[in-house]
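For reference, the structure is listed below as structure tokens.
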Amino acid sequence: MKQTIFEHPLIQRDITQLRNKNTNSEDFRKLAKRISIMAGVEVLSNLMIESEEVYTPLAAFTGVKIAKPFPYFVSVMRAGSIMVEALIELYPDATIGNIGLARDHITLQPNEYYLNLSDNLSDSVVILCDPMLATAGSAIYSIDILKRKHSSNISFFSLVASQYGVNQLAKAHPDVNIYTCAVDKDLDEHGYILPGLGDAGDRLFNT
Ligand code: PRP
Ligand code: URA
């Protein structure tokens, strides 16, 4: 299992503005997408390649194309959708799955309200996208589903995580790679990441 925290100055600059309570929804979306593109390049860096011959106006050239297993992007709705939007800028041919989860405000347990995934994910590089990893309940629940669909190559991609969430996820699914841009120290009594950025879904969808 690999844990990666993106320290790039441009990513950290944008994460700071994502945290800023004065950032409006329009800018929040732009920032979340731009961060996901910058970090997404690295999240997708282990894709396989094979050679491809093309012809420049002057000569033949042997380059590369992406080989199997191909990427499969999964959004944990609602908030994960902006990250998938970013990843398809990088790999437009990807197949996309959706897992609709809403965290119960009292128990903090995820409630599933929508599921649309391929039945067999054994031949896919799955990138599971959710900007927030707080208690890790939603991530662990989603990965349980993916594994029931035979997925064995899973990376979890978030923007802000809590140390508790990273520990819980690593314990529950030690084979899953974790990518994030920040690991914050605390969770508050309502399960929100501290300092965090608030409710990612509400800020993205202006609700
Ligand atoms: C948020 C977030 C994660 C989850 C993280 O979603 O996008 O899915 O909470 O918390 P956890 O690690 O404690 O499970 P929420 O359920 O609020 O839904 P939303 O995306 O529709 O706002
Ligand atoms: N969900 C969010 O959107 N933010 C948090 O801090 C925790 C869960």
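Each value in this text was obtained by applying a stated rule to the coordinates, not by laboratory testing. Owing to the predicted nature of the structure, the values given are computational and were not obtained by experimental measurement. Here the Cβ positions follow ideal geometry from the backbone for every residue, glycine too, while neighbour counts run over all protein chains shown.
What to note about this one:
- Cα-centre dipole for the chain with unit charges at Cβ (Lys and Arg positive, Asp and Glu negative), debye to 20: 160
- Charges were assigned to the Cβ only: +1 to each Lys and Arg, -1 to each Asp and Glu. The resulting dipole of the range 139-207 about its Cα centre is roughly 400 debye.
- Considering all C-alpha pairs of the range 9-119, those separated by over 24 Å amount to 45%.
- Size of the range 104-184 as Cα extents on the principal axes (Å, biggest first): 34, 25, 20
- All-pairs alpha carbon distance profile, the range 52-198, 5 Å steps from 0, percent: 2, 9, 18, 21, 18, 12, 7, 4, 3, 3, 2, 1, 0, 0
- Each peptide among 47-57, 16-26, 136-146 gets the average number of other Cβ atoms lying within 10 Å of its residues, and from highest to lowest they stand as 136-146, 16-26, 47-57.
- For ARG148 and SER51, the difference between the fully extended length at 0.36 nm per residue and the C-alpha to C-alpha distance is 31.6 nm.
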